[in-house]
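Below is a structure I'd like to ask you about.
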Amino acid sequence: MAKIIVVTSGKGGVGKTTSSAAIGTGLALKGYKTAIVDFDIGLRNLDLIMGCERRVVYDFVNVINGEANLNQALIKDKRVEKLYILPASQTRDKDALTREGVERVLNEMKEEFDFIICDSPAGIEAGAMMALYFADEAVVATNPEVSSVRDSDRILGILQSKSKRAEMGLEPVKEHLLLTRYNPERVDSGEMLSVDDVKEILAIDLLGVIPESKAVLNASNSGQPVILDQESDAGQAYSDAINRLLGEVVDFRFLQVEKKGIFKRIFGG
């Protein structure tokens, strides 16, 4: 039976879709059959980041409405075995997602997949609420700034009160903190909150710290999940996060300002 993991946040622009793509890809690389589902009806960015936008024929809403079956809508990734994408519709609005329809599709996917990653839209409107309602675990993505952390705190409250697990009195949704766009130099100068600051405010387990990196933008522009770029610090940080998600104990990296060696100090760079 699959585990459903929602990647969510209160604030937009914190890297949810980038993180959904990296987490789904990382789990598939570990040998787990994984699907990433785009809940951002009307906008649809997951297929761009995954580099499969030209292969979209049917979407999530088509499956809910019975206009296509799941196998017709799922897109198999060309690079990673066991990885699939279920794209969102660009032409419908958020009301196209019904709780009954979403549950039916997810139940069908549970029979086939080990992990289902739900890429949530920002905020607390219908699509976001639908993405988190059926979650077993939640990855709460936040930037190290006060407004982003405050909005994530609100999402945690919703997970604890309005998820299906909360409604049915089951074991709570397991919560993980993913701190994105972290820049130790800006932390040291007081422009950003530190890891400890964010952990103290949100009080949930830290899954990963993703450094601010040009590799993320480059990966998005090339339609490739950044976790595939293992030369980059961001790619390595996402790989560490996957290992922690699967229960391994992994030290955190990229939390301190990198000290320049003697050649960098002399010649720059």
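Considering the Cα trace of the stretch 1-116, what is its radius of gyration and what is Dmax, both in angstroms?
13.1, 35
Which percent of Cα pairs goes in each bin when the distances of the chain are cut into 10 angstrom slices starting at zero?
For the chain, the pair-distance distribution reads 7, 31, 36, 19, 5, 2, 0.
Okay, next question. Could you quote the convex hull projected area for the stretch 82-186, Cα atoms only and averaged over all directions, in nm²?
Averaged projected hull area, Cα only: 8.5 nm².
Between the stretch 173-199 and the stretch 64-102, what is the C-alpha centre distance in whole Å?
Centre-to-centre distance over Cα atoms comes out at 33 Å.
Please work out how much length the chain gains when fully extended from E185 to N221, using 0.36 nm per residue of separation minus the C-alpha to C-alpha distance, in nm with one decimal.
Between E185 and N221, full extension yields 10.4 nm more.
What percentage of the solvent-accessible surface of the chain, computed with a 1.4 Å probe over protein heavy atoms, is contributed by carbon and sulfur atoms?
47 percent
Please calculate how many Å² of accessible area the stretch 155-255 carries per residue, with a 1.4 Å probe and no DNA, RNA or ligand atoms counted.
Accessible area per residue: 52 Å².
If I model a spin label at E167 and K199 as a point 7 Å from the Cα along the Cα→Cβ vector, what separation in nanometres do I get?
My value for the distance between the label points is 3.5 nm.
Separate question: Between R253 and R55, how many nm apart are label points set 7 Å from Cα along the C-beta direction?
Those two pseudo-labels are separated by 2.9 nm.
How far is helix 99-110 tilted, in degrees, relative to the longest principal axis of the Cα atoms in the chain, given as a value from 0 to 90 rounded to the nearest 10?
70 degrees
With the Cα gyration tensor of the stretch 47-113 giving a ≥ b ≥ c as the square roots of its eigenvalues, does the rule (a/c under 1.5 for rounded; else a/b larger than b/c for prolate; else oblate) give rounded, prolate or oblate?
Oblate.
Give the calculated FRET efficiency between R244 and Q160 to the nearest 0.05, with a Förster radius of 22 Å applied to their Cβ-Cβ distance.
Efficiency, from the Cβ-Cβ distance: 0.50.
Computed from the mean reciprocal separation of all distinct C-alpha pairs, what Kirkwood hydrodynamic radius does the stretch 156-249 have, in Å?
Averaging 1/r across every pair of different Cα atoms and inverting gives 15.1 Å.
The values are calculated or read from the model by the stated rules, or taken from the named source; none is laboratory data. Only a predicted model underlies this, so the values are computations on that prediction, with no experimental measurement involved. Using ideal geometry, Cβ is built from the backbone for each residue, glycine included, and neighbour counts are taken over all protein chains shown. Heavy atoms of the whole protein, side chains included, go into the accessibility calculation; ligands, DNA and RNA do not. Shrake-Rupley method; radii C 1.70, N 1.55, O 1.52, S 1.80 Å.
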